[in-house]
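Computed from the coordinates by the stated procedures, all read-outs in this text should not be read as laboratory data. Here the structure is a predicted model, which is why all the values come from computation and not from measurement. Please note: Cβ atoms are built from the backbone with ideal geometry, for glycine as well, and neighbour counts cover all protein chains shown.
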Amino acid sequence: MPPTLLVQVHTEEEFDWQAPFDRKATATTSVPQLPRLQAVFDAHGTAATWAVDWPVVEHPGMAEGLATWVRDGRAEVGAHLHPWVNPPFVEEVNRTNSFAGNLPPELEREKLGRLVAQIEARIGVAPRTYVAGRYGVGPNTLRALVELGFRIDGSATPPFDFRAEGGPDFSRFPVSPYRYDGVPELLGLPVTGGYLGLLRSLGRVLMPLIDAPLAKRLGVEAILSRLAVLERVRLSPEGFSLAEMQALTRRFHADGERVFTLSLHSTSILPGGSPYCATESDVVELLGRLDRYLGWFRGEFQGRIQSHLSFADTLAEIEGGARPWASGRADSTGAGQAQFEARADVGRKSAQIPPELPGQTPRERQA
Ligand SMILES: [Zn+2]
């Protein structure tokens, strides 16, 4: 199977990432800028999944632009839930509740349902891919997703651990596509992320120490990263260089991974819209980095770029058909081998979500 790249965009309002969450922080000034990002995708035949949240769906330009891109086969629509700006507004606004997976099940379901209905009404397409805001999936999320017709959950971001903020822990999550235990309807497509550096094989063990409050204050992670000892990298042009993105991709490929997901935020296309781009030249550099990575992936790296739903279709076809590889034997053709490997990728991985649930613990009281 050739290396396959999927792209997801957290498409959302601008807000101060350091400030307390605020229901009134719903500016969508970045929306008119988004064709710049789509132009980069277009240049590489990339049908990215724009996972939109409530405030951006309300923006007429967003709904119109995205509807056109989807109609032309240049994009897919996903759903991105920021519960603090997504009705119904009944919960207390705080850090714990910023992870939708921490909400009471009926409230998470209701917010998601309203978002789905709003996307269908304004864009004319039902979202089938979910990307939780703040990666905040929880124990009840999967049931709601299945009920609402989702096929893909793209929320997981291994090896990051958000327990200190009351969020989920993805430090032990698979980096390959997976099916959730007991939820065969949903395909899990995690954002690609992992460790680089001399001690990368110890990342899972060392990272809790590096994440400890004292080590954080001392900037231990940045020091180790500069020394090429241990670095935690997400496949994203946000905060990571082209070289880091390529190194992560090559490393995972050498380890047998064939499916990669790149992720970024729509607000990074606006100077000051996200923490990643303060100026127009930062935006230009980010777009350039993305452009070069996509070009490299398709060119020198000999990969292909696929949309989330077409990738899910490919897998469903492989999993559903009675084929030689279903008995564990790959056939001798290249295509058969590719499909066998794809099936193995999914078959051997499964995940419970999240492995360790937030809630009923001291960190619940932090918010
Ligand atoms: Zn978000």
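Binning the C-alpha pair distances of the range 73-146 at 5 Å intervals from 0 yields a P(r) profile of 3, 17, 30, 26, 14, 7, 2, 1 %, listed from the shortest bin outward. With a Förster radius of 45 Å applied to the C-beta separation of L242 and L107, the computed FRET efficiency comes to 0.60. For chymotrypsin sites (Phe, Trp or Tyr not before Pro), the sites in the range 86-134 that DSSP calls loop and that have at most 16 other Cβ atoms within 10 Å are F89. Here the range 1-143 has an Rg and Dmax of 15.2, 47 Å, counting Cα atoms alone. By the equivalent-ellipsoid construction on the alpha carbon gyration tensor, the range 79-204 comes out with semi-axes of 26, 18, 12 Å, ordered largest to smallest. GluC sites (Glu not before Pro) within the range 85-180: which are DSSP loop residues with at most 12 other Cβ atoms inside 10 Å? Taking the range 85-180 and a limit of 12 other Cβ atoms within 10 Å, the loop GluC sites (Glu not before Pro) found are E92. Distance from the alpha carbon centroid of the range 7-28 to that of the range 261-286 works out to 13 angstrom. Charge tally around R122: other residues with Cβ under 13 Å, Lys/Arg +1 each, Asp/Glu -1 each, net -3. In terms of overall dimensions, the range 235-322 has a Cα radius of gyration and Dmax of 15.5, 54 angstrom.
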